[in-house]
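The values are calculated or read from the model by the stated rules, or taken from the named source; none is laboratory data. In this text the structure is predicted, and so the values were computed from the model without any measurement. For neighbour counting, all protein chains shown are included, and Cβ atoms are generated from backbone atoms with ideal geometry for every residue, glycine included. Surface accessibility is based on the protein's heavy atoms, side chains included, excluding ligands, DNA and RNA. Shrake-Rupley method; radii C 1.70, N 1.55, O 1.52, S 1.80 Å.
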Amino acid sequence: MTDPTLLGLLSVGLIFLLMGLGVPVFAALGLAGIAGIMLVQDVSYVYNVLQNIAFNKTAAYLLTVIPLFIIMGNFALHAGVGKSLFYVAKRWFGHLPGGLAISTIFTCAGFSATSGSSVATAATVGSISLPEMKQAGYDKRLSAGCVAAGGVLGVLIPPSVLLVFYAALTEVSAGKMLMAGVIPGVLSVAVFVAGVFIISILRPEMCPRGERVGWKKRLTSLRRAWQLLLLIVVVLGSIYTGWATPTEAASLGAVASILFLLMSKQDRKTKLKAIGTSSRDAVNTTVMIMMTMLGAGIYSFFLSLIRVPQLVSAWVIDLPLPAIVIIALILLLYVPMGMFLDAFSMLVITLPILFPVVTSLGFDSIWFGILAIKMCEIGLITPPIGLNVYVIAGLDKGTALTDVFSGASWFILMEVVTVVIIFSFPWIATYLPNTM
């Protein structure tokens, strides 16, 4: 059997069959890749491939960024950065229509700048803001949807683990990818805030206004945000100016975060427990990501061996469609995939085939990366597998899963608006990387 089209389709079918049987994504990818290679080569060749890929895909200096960013976010969480940010945001925006929901979104954005994980952002901010919104009489669907959607900012606003993951898979500059997430991240926050404001104007009973706080208290509250500002300067500032590589910047951020934790007003036992928990979580998440990369590497090698990326590129380029329409159709593929797969799995399955198409059509790989990650964001709040929605449903036992999905649906529309804007104006994603 040597027909590359048939082999490629069978391998995709095998991946989904294995995942349907409960096999982890990394194992499904690896097994499908091994089975495919064995159909076109002998067993000794497969052994040599596994021997080389296992080292080449994981022994990369860039990948040390991943555990450092994860542990930085964990230390910041236990240092109370999330609580401080919500305290500040509530005093500045709580009196506006939908003020607590807007404060929640700003807190998610701020915490995302310390943590590259959407789930961690949703869980941290949700545990703080959901009780406040419930006490203030907010509609439970809007409250839950707001936190679930705000959490997705964690995969876009740097330091994002997913941005680094994309860079590692496509060999794009990690520093440029991280900086590319800044303006789209700010745009996403602005669209969310505008959307909540419009909802609160049209349906004021869903989100009552809070009490106005005087300017003196607002200004003095900013002292609680110094940790976030320092992390932004240390991590993003050093990457943008070229003073440090992404790995070095992540190291500085991790050191700053653990200092925040050690200086916090907690007893010694609590601090030591937080350090242990943070380290263990960082190891677990890093191993998951590395194994996903290993499985993806084996499967990508199989696809390259039977020349699927080259064949798909040639076929797509010859389509009687404008190139920009082809890119739009590629992005739409992420919508059904996001209903069943997590963001890492979507990227490792699609990029080996689709990335060569994007580059052969002459589009900017950083711009496409931001759009692909935005589509992954939508998958995090889309039924039936929207991971952030399940996190919020677990936090708030009084809100049904269907209510969380219902509230998140408004924010899916807002995400679509943001994607259309970035798609129409590529400079939003490329301006900062080009000025580095």
Check your understanding: What residue, of MET414, MET375, is free of Cβ contacts under 8 Å to residues at least 60 places away in the same chain, under 19 Å from LEU331 (Cβ atoms) and open to solvent by less than 40 Å² (accessible area, probe 1.4 Å)?
Key -> MET375
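Please specify each residue of region 82-113 satisfying the condition of being part of a loop (DSSP other than H, G, I, E, B) and over 13 Å from the mean Cα position of the chain (by Cα). Break it down stepwise before answering.
Taking region 82-113 as the starting set, the residues that turn out to be part of a loop (DSSP other than H, G, I, E, B) are 94-98, 113.
GLY94, HIS95, LEU96, PRO97, GLY98, listed by residue number.
Does region 253-286 hold any residues that are among the aliphatic types (A, V, I, L, M) and either farther than 25 Å from LEU169 by Cα or surrounded by fewer than 19 Cβ atoms within 10 Å (Cβ to Cβ) (or both), and which are they? Quick ask: steps written out before the conclusion?
Quick first cut of region 253-286, residues among the aliphatic types (A, V, I, L, M) only: 254-256, 258-259, 261-263, 272, 274-275, 282-283.
The answer is VAL255, ALA256, ILE258, LEU259, LEU261, LEU262, MET263, LEU272, ALA274, ILE275, VAL283.
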Exercise for review: Count, please, the residues in region 378-411 that happen to be open to solvent by less than 20 Å² (accessible area, probe 1.4 Å), of a type in the set (Ser, Thr, Tyr) and farther than 23 Å from MET346 by Cβ.
Suggested key: 1
Review point. Any idea how many residues of region 310-351 are free of Cβ contacts under 8 Å to residues at least 24 places away in the same chain and open to solvent by 20 Å² or more (accessible area, probe 1.4 Å)?
Key: 13
Point to revise | Complete set of residues in region 287-309 that are open to solvent by 20 Å² or more (accessible area, probe 1.4 Å) and farther than 17 Å from MET38 by Cβ | key: VAL287, MET288, MET290, MET291, LEU294, ARG307
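Is it the case, given these coordinates, that ILE232 is touching a Phe, Trp or Tyr at 6+ places or on another chain (Cβ under 7 Å) and either over 29 Å from LEU371 (Cβ atoms) or of a type in the set (Val, Ile, Thr) (or both)? Show your work before the answer.
On the way: touching a Phe, Trp or Tyr at 6+ places or on another chain (Cβ under 7 Å): no; either over 29 Å from LEU371 (Cβ atoms) or of a type in the set (Val, Ile, Thr) (or both): yes.
In short, no.
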Review point. In region 344-381, what residues are at pLDDT 80 or above and polar (S, T, N, Q)?
Key: THR350, THR359, SER360, SER365
Point to revise | For LEU130: the one exception among (1) touching a residue at least 60 places away in the same chain (Cβ under 8 Å); (2) surrounded by 20 or more Cβ atoms within 10 Å (Cβ to Cβ); (3) within 22 Å of VAL235 (Cα to Cα) | key: (3)
Exercise for review: Under 7 Å between Cβ atoms, at least 6 apart or on separate chains: pull out the pairs that start in region 419-436 with a residue that is closer than 14 Å to GLY181 by Cα and end on any residue that is part of a loop (DSSP other than H, G, I, E, B) and of a type outside the set (Lys, Arg).
Suggested key: PRO426/ASP364; THR430/ASP364; MET436/GLY242
Review point. Are any of the residues in region 100-116 of a type in the set (Ser, Thr, Tyr), surrounded by fewer than 24 Cβ atoms within 10 Å (Cβ to Cβ) and touching a residue at least 24 places away in the same chain (Cβ under 8 Å)?
Key: no
